[in-house]
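A.B. asks: Below is one structure. I have some questions about it.
The values are calculated or read from the model by the stated rules, or taken from the named source; none is laboratory data. Keep in mind that what you see is a predicted model, and the values were worked out from it rather than measured. Here the Cβ is made from the backbone with ideal geometry for all residues, glycine too, and neighbour counts use every protein chain on show. With ligands, DNA and RNA removed, areas are computed over all heavy atoms of the protein, side chains included. Shrake-Rupley method; radii C 1.70, N 1.55, O 1.52, S 1.80 Å.
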Amino acid sequence: MASLSPPEEAAAAAAASFHHRRSKRYSSSTTNGLAAESVPDKRHKISLPPSFISSSEIESEFSHHDPPFARINNGSFGSCPSSVIAAQRDWQLRFLRQPDRFFFDELKPNISASRAAIKRLINAEHDDEVSLVDNATTAAAIVLQQTAWAFREGRFDRGDAVVMLHYAFGSVKKSVEAYVSRSGGEVIEVQLPFPVNSAEEIVNRFRTGLALGKANGRKVRLALIDHVTSMPSVVIPIKELVKICRDEGVDQVFVDAAHGIGCVDVDMKEIGADFYTSNLHKWFFAPPSVAFLYCKRSGAGGNLHHPVVSHEYGNGLAVESTWVGTRDYSAQLVVPSILEFVNRFEGGIDGIKKRNHESVIEMGEMLVKSWGTQLGCPPEMCASMVMVGLPVSLGVSSESDAVRLRNLLRERFCIEIPTYFRPPGEGETDSITGYVRISYQVYNKPEEYHRLKDAINELVRDGFKCSSLTD
């Protein structure tokens, strides 16, 4: 049997400690609850069912949420249970009580334990392929900084291409502008359809974008692909697109999966990208903010550096990221506590993903039936979020309309929900131009989505138009 590395030993010890405590707690409470005559002969073992988290315990874990609000927007900022918040506070106090001991003895080995746990979750090969950073935006800056240096140092020719999806997250687009465009790279945006009818549509558009990037003898140096687009939200056929990149000779592939871990299946060996990042605070119950950045060891990851240069510069990105100056590292240290929390659910994180997906599809179909609209993509292209068309009569005719409608739903109806404006295509009349993106997480309940249904139906009955709203 292969020996574990020190980080793996620490993470495994945390998991073992949790299971021991849970087993002990369950055993004692069960035995105490048995009548004297029902206590079995000690010579015989009882097979007890697993003790999973109850509905009341879930409510307690998220009791800090603002009670009047229907919080159906987990995708934007995530959620953190009380038990993990308590663990985070403990780490913060450990630093404040004795900073020297914390810095010299505790910080690095415990961040390494968190990295080792993430490595196993995402099926990476080596511990040093996983770095913990602030968020997916920071991870994008790390990768794109390397690309910018390659252009400036002459390793890439001016005009060589970076291909990205049109629906890439706004801050990532800005990073591409700041790092790639200013360094002489050509940026190709792949225009994706919405609504989406099939994964084949995305594959075909991506092939067209790659061909444009390779036109006139150019090389495609980097493909930047979302795993789950944010707005509109669609699960991208990532494995197929990475394979196309390999077949077409793309130098490097970076997958931006801000909504990855805890929302979709994340397996580095199956996906095959050079770089992959995912926030842990969106769908993995971490406090804000923390993300992992995977860098395939056999690729060019050795030339990656944290944009905040500190004492660990040159020791590899994973080590550089463990110390970027005095700051609060507690969000990176609570991964073992998060694992304790998710393992209280049947099926762990995989069971949570499956139930969230089934529930969000059920709620989305309930809404489109009531509103007479449609989903933004087939159910198999949704994860724990789905785009739901709004009634045409609301008159969502601009991005400003969508923002004002979002504010109205929050302020009048106490519903937190993102809204989206889809410009009508050429020749389209009376098409659906407004959408909401609903999320489903373990704390959500069906009645929250019925509140959204009723609120929109009330606006329709009252003859409401978005044009009546002002900033």
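A.B. asks: Determine, yes or no, whether F156 is surrounded by 13 or more Cβ atoms within 10 Å (Cβ to Cβ) and within 22 Å of P288 (Cα to Cα). Break it down into steps so the answer makes sense when it comes.
C.D. replies: Working: surrounded by 13 or more Cβ atoms within 10 Å (Cβ to Cβ): yes; within 22 Å of P288 (Cα to Cα): no.
No, not satisfied.
A.B. asks: Of (1) in contact with a helix residue (DSSP H, G or I) (Cβ under 8 Å, 6 or more places away or on another chain); (2) farther than 20 Å from A168 by Cβ; (3) not in a loop (DSSP other than H, G, I, E, B), K269 satisfies all except one. Which?
C.D. replies: (1)
A.B. asks: Against the conditions (1) at pLDDT 95 or above; (2) buried (at least 22 other Cβ atoms within 10 Å of the Cβ), where does R89 fall short? Just the number, please.
C.D. replies: It is condition (2) that R89 fails.
A.B. asks: For the condition β-branched (V, I, T) and in a strand (DSSP E or B), what is the one hit in V242, V196, V250, V255? Even if it seems obvious, please write down each step before you answer.
C.D. replies: Numbers: V242 fails: in a strand (DSSP E or B); V196 fails: in a strand (DSSP E or B); V250 fails: in a strand (DSSP E or B).
After applying the criteria, what remains is V255.
A.B. asks: Ok, one more. Can you tell me how many residues within the range 243-269 are over 13 Å from L121 (Cα atoms) and either surrounded by fewer than 20 Cβ atoms within 10 Å (Cβ to Cβ) or not hydrophobic (A, V, I, L, M, F, W, C) (or both)?
C.D. replies: 10
A.B. asks: Could you run through the range 67-92 and say how many residues are polar (S, T, N, Q) and more than 22 Å from the chain's Cα centre (by Cα)?
C.D. replies: Residues of the range 67-92 polar (S, T, N, Q): 73-74, 76, 79, 82-83, 88, 92.
Those left that are additionally more than 22 Å from the chain's Cα centre (by Cα): 92.
Counting residues in the range 67-92 that are polar (S, T, N, Q) and more than 22 Å from the chain's Cα centre (by Cα) gives 1.
A.B. asks: Checking D100 against (1) open to solvent by 20 Å² or more (accessible area, probe 1.4 Å); (2) over 18 Å from Q441 (Cβ atoms); (3) touching a strand residue (DSSP E or B) at 6+ places or on another chain (Cβ under 6 Å), which test does it fail?
C.D. replies: With (1) open to solvent by 20 Å² or more (accessible area, probe 1.4 Å); (2) over 18 Å from Q441 (Cβ atoms); (3) touching a strand residue (DSSP E or B) at 6+ places or on another chain (Cβ under 6 Å) applied to D100, the lone miss is (3).
A.B. asks: So which residues in the range 225-257 are over 16 Å from the mean Cα position of the chain (by Cα) and within 17 Å of K173 (Cα to Cα), if there are any at all?
C.D. replies: Correct list: V253 only.
A.B. asks: So, A140, is that one at pLDDT 90 or above, surrounded by 14 or more Cβ atoms within 10 Å (Cβ to Cβ) and touching a Ser or Thr at 6+ places or on another chain (Cβ under 8 Å) or not?
C.D. replies: Details: at pLDDT 90 or above: yes; surrounded by 14 or more Cβ atoms within 10 Å (Cβ to Cβ): yes; touching a Ser or Thr at 6+ places or on another chain (Cβ under 8 Å): yes.
It is true that A140 is at pLDDT 90 or above, surrounded by 14 or more Cβ atoms within 10 Å (Cβ to Cβ) and touching a Ser or Thr at 6+ places or on another chain (Cβ under 8 Å).
A.B. asks: Would you please name the residue that is surrounded by the most Cβ atoms within 10 Å (Cβ to Cβ), looking only at residues in the range 205-242 that are small (G, A, S) and farther than 26 Å from W283 by Cα? Please lay out each step first, then the result.
C.D. replies: We begin by selecting, within the range 205-242, every residue small (G, A, S); these are 209, 211, 213, 215, 217, 223, 230, 233.
Then keep just the ones that are farther than 26 Å from W283 by Cα; that gives 209, 211, 213, 215, 217.
On the way: G209: 22, A211: 13, G213: 24, A215: 11, G217: 8.
In this case the residue turns out to be G213.
A.B. asks: Moving on. Just to be sure before I move on: is I202 of a type outside the set (S, T, N, Q), touching a His at 6+ places or on another chain (Cβ under 9 Å) and either open to solvent by 30 Å² or more (accessible area, probe 1.4 Å) or in a helix (DSSP H, G or I) (or both) in the structure I sent?
C.D. replies: Values: of a type outside the set (S, T, N, Q): yes; touching a His at 6+ places or on another chain (Cβ under 9 Å): no; either open to solvent by 30 Å² or more (accessible area, probe 1.4 Å) or in a helix (DSSP H, G or I) (or both): yes.
So I202 does not fit the description; no.
A.B. asks: Can we say E186 is modelled with pLDDT under 90, out of contact with any helix residue (DSSP H, G or I) (no Cβ under 9 Å at 6 or more places or on another chain) and acidic (D, E)? So that I can check it myself, show each step before the final result.
C.D. replies: Details: modelled with pLDDT under 90: yes; out of contact with any helix residue (DSSP H, G or I) (no Cβ under 9 Å at 6 or more places or on another chain): no; acidic (D, E): yes.
No, not satisfied.
A.B. asks: Which pairs have Cβ atoms under 9 Å, sit 6 or more apart or on different chains, and link a residue in the range 169-192 that is over 18 Å from D157 (Cα atoms) to one that is open to solvent by 70 Å² or more (accessible area, probe 1.4 Å)?
C.D. replies: K173/E189; V190/R205; V190/T208; V190/L212; Q191/R205; Q191/T208; L192/R205
A.B. asks: Follow-up question, since we're still on this one. If you go through the range 59-83, how many residues are aliphatic (A, V, I, L, M) and either part of a loop (DSSP other than H, G, I, E, B) or open to solvent by 10 Å² or more (accessible area, probe 1.4 Å) (or both)? Walk me through how you get there before you give the answer.
C.D. replies: Quick first cut of the range 59-83, residues aliphatic (A, V, I, L, M) only: 70, 72.
Going one step further and asking which of them are either part of a loop (DSSP other than H, G, I, E, B) or open to solvent by 10 Å² or more (accessible area, probe 1.4 Å) (or both), we end up with 72.
Total satisfying the criteria: 1.
A.B. asks: Let me ask something else about it. Filter the range 374-431 for residues that are crowded, with 23+ Cβ neighbours inside 10 Å, over 24 Å from the mean Cα position of the chain (by Cα) and in a loop (DSSP other than H, G, I, E, B) and give the result.
C.D. replies: The answer is L390, V396.
A.B. asks: Continuing with this model, one more query. Only residues that are over 14 Å from the mean Cα position of the chain (by Cα) and farther than 18 Å from D128 by Cα: list them for the range 258-306, please.
C.D. replies: Listed by number, the residues that qualify are E270, I271.
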